[in-house]
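The values are calculated or read from the model by the stated rules, or taken from the named source; none is laboratory data. Since this is a predicted model, take the numbers as computed values, not measurements. As a convention, Cβ positions derive from the backbone with ideal geometry for all residues, glycine included, and neighbour counts pool all protein chains shown.
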Amino acid sequence: MNTPIQPKRTLSIGLVITLILLITAFIPRKAQAPLVNTVGKIMPSDAAPLERQKFRYLLREPTSLDISVVTYNADGTQFLFERLVMLDENNDLVPGAAERWERSEDGKTWTFHLYKDARWSDGRSMTAHDWEYTYKRLLDPTSGNIFAFFYYDIKGAKAVNQGRIKDLDAVGVHAIDDHTLVIETENPCPYLPYITSFSTSAPVPRWQVEKYGPKWTEPGNCVSNSSYRLDTWDHGRSMSFVLNPYYTGPNKGFLERITGLFYTGAEPGTLPYENNEVDLHGVGAMDITRVLNDPVLGKEIDRSPFPATWYLFFKTEHPPFNDVRVRQAIAHAIDRVSLCSVVLRDTMEPAYTMNPPTLPGYVGDKHRALQQYDPALAKRLLAEAGYPNGRGFPKTEMWLRQAAPNIKSTAVAVQGMLQNTLGIHIEVRDQEQKVFTDNMIRRDIPMALIGYTYDYPDPSDMIGLVWHSQPSGYGRHDWKNEAFDDLVDRAARELDQEKRMQMYDEAERILAEDVGGVFLFHTLSIELRKPWLKGIKKDRWGNYPLTVQNTTFMDLYIGR
């Protein structure tokens, strides 16, 4: 008998795969270990492998990394040193080397409590004694620190720095023990923590300074205290920084290596960025139109307000600028709207006062009329000063400080406006940075176009610090107004924030009306950023700022 053959039962491939997936879904898996960088910081989930955590940028080669006494010559390397207090993306105070701080009831004593496990990049313990040495050194008149006046709120600082007191211990900065630092001020000083947050308040390793002198920041000698340490410095070409294994503070970086590529002369255009030599690059007025119209570059641009103001200043103690009418005439002869839209191609915003947007005390256009473009008024004022249509006006130079192309174009435009409206001719003279700065401190510049970037977010800086009168050699400008000085002095001591802002408002009105400076424009930070740059936080105004001075730089990483 033939036995019937039973058909084979088979499963479709699709069903098999489905069953396998269902079964494996219930099998416990070993969790994938998170990516951790070489100093133990857990990387974000979208971070690229550690070998790709490298950031490249352009900077002028520093003369030294001794930031506390060579302020302007160490730009671009401020992240190497962590201050007592730091600023975040909102310019709010956050812990740096100090985990907390408090003010006495009278507002004249501040106590900073340091992290007990803090170390320098050579492994040495970091103590309050290091900070005491730092502050007294930067106020020592022999240090040559042209920015020492920034610290004159500290008790005894001005007298010591100006040589009236020879004993450095008269400065009101004292280590109570290894982990407690006290800073005393001459008067109530509500903004003292902001002063300690500025990059010039960077700590200094005494043993290296005493051993190597000015060469203490060279490779092999440089000791820092932030999440990074100096690795290489190939003079004339580049310098690099790597993570500091001894850093235990609250602001650890993600990036494994940071490389600064040096440039000389005017800042280069966008070619280094387009060639993938750098990951971030500023865009100037000469390139902005092309960049915005480029289908790739136009998508990689970021535009944010940056707290800085460009202005003209004068040698107000000498003719013709000792006559306020001359200064007012110049203020009213400059068309800032055209300057920003045509010459600077909307890379800046018109300014009529000193304090810029996003900073406390910003008054917008409140005092605009005091310096707004009004050619008829400008001509009348100059005639009243004795120079009708510019006749008899002395030959004058307008100095620039190693200016970028957009600032040179601005100077030429201002030169043209003064010629066309007032009939006066101003020669433009571009100077090397050190020559300009030395002459500015000595008050030897007749007229200049210069910018000032905020040091800390309080009007005691942009208004008080820059414009309060100082003896020659201890401040920027020779302009002096007793009513202004009195207001900023009282505002600096006032603990009621609302009253302080009202005083600074009135002080800024006086500054604009008496034309301590002719305010031209506030800065916009316009940058090309590679799409793999991640971690840049949004601030409370909806912008994405990135600065080497703030903690935002430590949030930067390379994404996949």
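Answer yes or no: is there a residue in segment 411-420 that is closer than 28 Å to Ala74 by Cβ and not in a strand (DSSP E or B).
Checked segment 411-420: at least one residue is closer than 28 Å to Ala74 by Cβ and not in a strand (DSSP E or B).
Any residue in segment 435-443 that is free of Cβ contacts under 8 Å to residues at least 12 places away in the same chain, of a type in the set (A, V, I, L, M, F, W, C) and either under 16 Å from Tyr311 (Cβ atoms) or out of contact with any helix residue (DSSP H, G or I) (no Cβ under 7 Å at 6 or more places or on another chain) (or both)?
yes
Take the conditions in contact with a helix residue (DSSP H, G or I) (Cβ under 8 Å, 6 or more places away or on another chain), aromatic (Phe, Trp, Tyr), in contact (Cβ under 8 Å) with a residue 12 or more places away in the chain and closer than 28 Å to Met286 by Cα and apply them to Tyr387. Does it pass?
no
Conditions (1) charged (D, E, K, R); (2) touching a Cys at 6+ places or on another chain (Cβ under 7 Å); (3) in a strand (DSSP E or B); (4) surrounded by 15 or more Cβ atoms within 10 Å (Cβ to Cβ), marked per residue:
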position: Gly220; (1), (2), (3), (4): no, no, no, no
position: Phe241; (1), (2), (3), (4): no, no, yes, yes
position: Tyr246; (1), (2), (3), (4): no, no, no, yes
position: Lys252; (1), (2), (3), (4): yes, no, no, yes
position: Gly284; (1), (2), (3), (4): no, no, no, yes
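Kindly indicate whether Asp444 is assigned to a loop (DSSP other than H, G, I, E, B), of a type outside the set (Phe, Trp, Tyr) and within 28 Å of Leu400 (Cβ to Cβ).
yes
Only one residue in Glu432, Glu482, Glu397 is without any contact (Cβ under 8 Å) to a residue 60 or more places away in the chain, under 30 Å from Val548 (Cβ atoms) and acidic (Asp, Glu). Which one?
Glu432
Given Asp335, Asp346, which one is out of contact with any Asp or Glu (no Cβ under 6 Å at 6 or more places or on another chain), surrounded by fewer than 23 Cβ atoms within 10 Å (Cβ to Cβ) and at pLDDT below 95?
Asp346
Inside segment 115-130, can you point out the residues that are more than 25 Å from Pro219 (Cβ to Cβ) and either of a type outside the set (Gly, Ala, Ser) or free of Cβ contacts under 8 Å to residues at least 40 places away in the same chain (or both)?
Correct list: Tyr115, Lys116, Asp117, Thr127, His129.
When you check Pro268 against the structure, is it within 21 Å of the chain's Cα centre (by Cα), in the same structural domain as Ile288 (by TED's automatic domain parsing) and in contact (Cβ under 8 Å) with a residue 24 or more places away in the chain, yes or no?
yes
Determine, yes or no, whether Ala378 is out of contact with any Ser or Thr (no Cβ under 7 Å at 6 or more places or on another chain) and part of a helix (DSSP H, G or I).
Judged against the criteria, Ala378 is not a match.
I'm checking my understanding of the structure. Among residues of segment 521-541 that are of a type outside the set (D, E, K, R) and over 19 Å from the mean Cα position of the chain (by Cα), which one is surrounded by the fewest Cβ atoms within 10 Å (Cβ to Cβ)?
Among them, the one singled out is Pro531.
With the condition kept exactly as written, say whether any residue in segment 156-176 is touching a Lys or Arg at 6+ places or on another chain (Cβ under 9 Å), hydrophobic (A, V, I, L, M, F, W, C) and touching a residue at least 40 places away in the same chain (Cβ under 8 Å).
Yes, segment 156-176 has at least one match.
How do the strands (runs of 3 or more DSSP E) wholly within segment 78-132 filter down when requiring 2 or more residues that are closer than 15 Å to Thr180 by Cβ: which remain?
Result: 98-103, 109-114.
Restricting segment 42-64 to residues that are touching a residue at least 40 places away in the same chain (Cβ under 8 Å) and among the hydroxyl-bearing types (Ser, Thr, Tyr), which is nearest to Thr270 (Cα to Cα)?
Among those residues, the one meeting the criterion is Tyr57.
Specify the residue that is farthest from Leu312 (Cα to Cα); the eligible residues are those in segment 448-472 that are hydrophobic (A, V, I, L, M, F, W, C) and part of a helix (DSSP H, G or I).
Top of the filtered list is Leu465.
Every residue in segment 148-206 that is among the charged types (D, E, K, R) and assigned to a helix (DSSP H, G or I), please.
Lys158, Asp169, Arg206
Here is a list of conditions, (1) over 21 Å from Ser409 (Cα atoms); (2) in contact with a strand residue (DSSP E or B) (Cβ under 8 Å, 6 or more places away or on another chain); (3) at pLDDT 95 or above, and Pro307 meets all of them except one; can you say which number that is?
(3)
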